[in-house]
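Reading through the structure tokens given below for one structure.
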Ligand code: UD1
């Protein structure tokens, strides 16, 4: 059993990571400012005596160091972030604070407290418009948003900490993560949560463009497992890895999969393409397999089924 501190535990990926860590017997400290996270995501975790929650802003150095004084974690999984790409354009200062300053605060506090490992939530957004596919970690990174730029800068900062101070630091470039508890409320929320919500309301899913654009959809339970491995697996070394499936799915194909699950025809509504969209995004999962022993095991059909059974969307009512 290890003592692990998770930043952003009340978020979508954070809460699944916490649940898995607790299930595996670890003691978990969670630090969240509840800017976008929700306590309801932690309702299961809150039942455990091995879970300790602190409401605090990770970008503020003094309180975060005080929490570490008390928690004395062996590893930190740093997931707290400004999570919306459009918001990073609207609020660049807040993006810088939450997606870069906070990384510095966490890394420096980890170093000072003798924390041995750190896992960082990076993003496929660091690649921007880079081709060819599939994207591997040696591809040139050309972020096209303040969000992607801050994630890339954080990765570099952390690579320096790993090299200079001997911490083991893993940066995870998450691709299109989906699953229960993903917030569908904004037009910029993940497409799968948006489609489920529309179907749950009895309306048509809206596809921006012809629907032939593709994404690499990875199930949140797999992402949580990648985080667990990076924080706890013996003999893991520092590095960067895509967290993806290596399988492309078009939006039209996604709608068909949902229709099969529902056992009825689903006719999406096509509207104009979304400005700034990239056409295809596909990652190579090889590095994660070699460096971490991680392979995403949930197929899209299984992940959608799980989403359906857990019933976030009201589709079974
Ligand atoms: C995703 C990430 C983003 C990251 C980027 C990096 C999510 C939610 N976002 O953006 O943080 O910077 O990868 O590559 O995972 N769409 C529709 N209808 C909808 C909603 C979306 O057709 O109702 C389309 C979009 O136009 C896009 C595709 O679905 O073509 C995927 O969109 P989205 O889920 O927002 O993710 P990305 O844009 O890939």
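Key figures for this structure:
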quantity: Fewest-first sequence of 129, 55 by Cβ atoms within 10 Å of each Cβ; calculated: 129, 55
quantity: Cα long-axis angle, helix 191-200 against the chain (0 to 90 degrees, to the nearest 10); calculated: 50
quantity: R0 of 51 Å, Cβ-Cβ distance residue 159-residue 264: FRET efficiency to nearest 0.05; calculated: 0.55
quantity: Pairwise centroid distance, computed over Cα atoms, of segment 235-250 with segment 287-307, Å; calculated: 10
quantity: GNM flexibility winner over the chain from 12, 217, 89 (Cα, springs under 10 Å); calculated: 89
quantity: Förster radius 25 Å - calculated FRET efficiency between residue 188 and residue 306 (Cβ-Cβ, nearest 0.05); calculated: 0.60
quantity: Using a Förster distance of 51 Å, the FRET efficiency for residue 233-residue 34 (Cβ separation, nearest 0.05); calculated: 0.95
quantity: Euclidean distance between Cα centres, segment 172-229 to segment 48-82, Å; calculated: 28
quantity: Proxy reagent accessibility, fewest Cβ within 10 Å first, across 139, 164; calculated: 164, 139
quantity: Ratio Rg/Rh, restricted to segment 57-172 and using Cα atoms, in which Rh is the Kirkwood radius; calculated: 0.99
quantity: Quarter of the Cα convex hull surface for segment 76-124, i.e. its orientation-mean projected area (nm²); calculated: 3.4
quantity: Per-residue [θ]222 nm for the chain (sum of -39500 (n - 2.57) over DSSP H runs n ≥ 4, rounded to 500); calculated: -11000 deg cm²/dmol
quantity: Those residues of segment 260-285 whose amide nitrogen sits under 12 Å from the label point placed on residue 89, 7 Å along Cα→Cβ; calculated: 274-278
quantity: Taking 93, 57, 235 and counting other C-beta atoms within 10 Å, the order from fewest to most; calculated: 235, 93, 57
quantity: Hypothetical label at residue 210: residues of segment 244-264 whose amide nitrogen lies under 15 Å (7 Å Cα-Cβ projection); calculated: 250-253
quantity: Stokes-Einstein translational diffusion, segment 177-240 - Kirkwood Rh over all Cα pairs, 0.692 mPa s, 37 °C, in µm²/s; calculated: 232
quantity: Extended-chain gain in nm, criterion 0.36 nm per residue less alpha-carbon gap, residue 2 and residue 70; calculated: 23.0 nm
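Bear in mind that the values in this text are calculations on the coordinates, not laboratory data. Not measured: the values here are computed from a predicted model. Ideal geometry is used to build each Cβ from the backbone, glycine not excepted, and the neighbour counts take in all protein chains shown.
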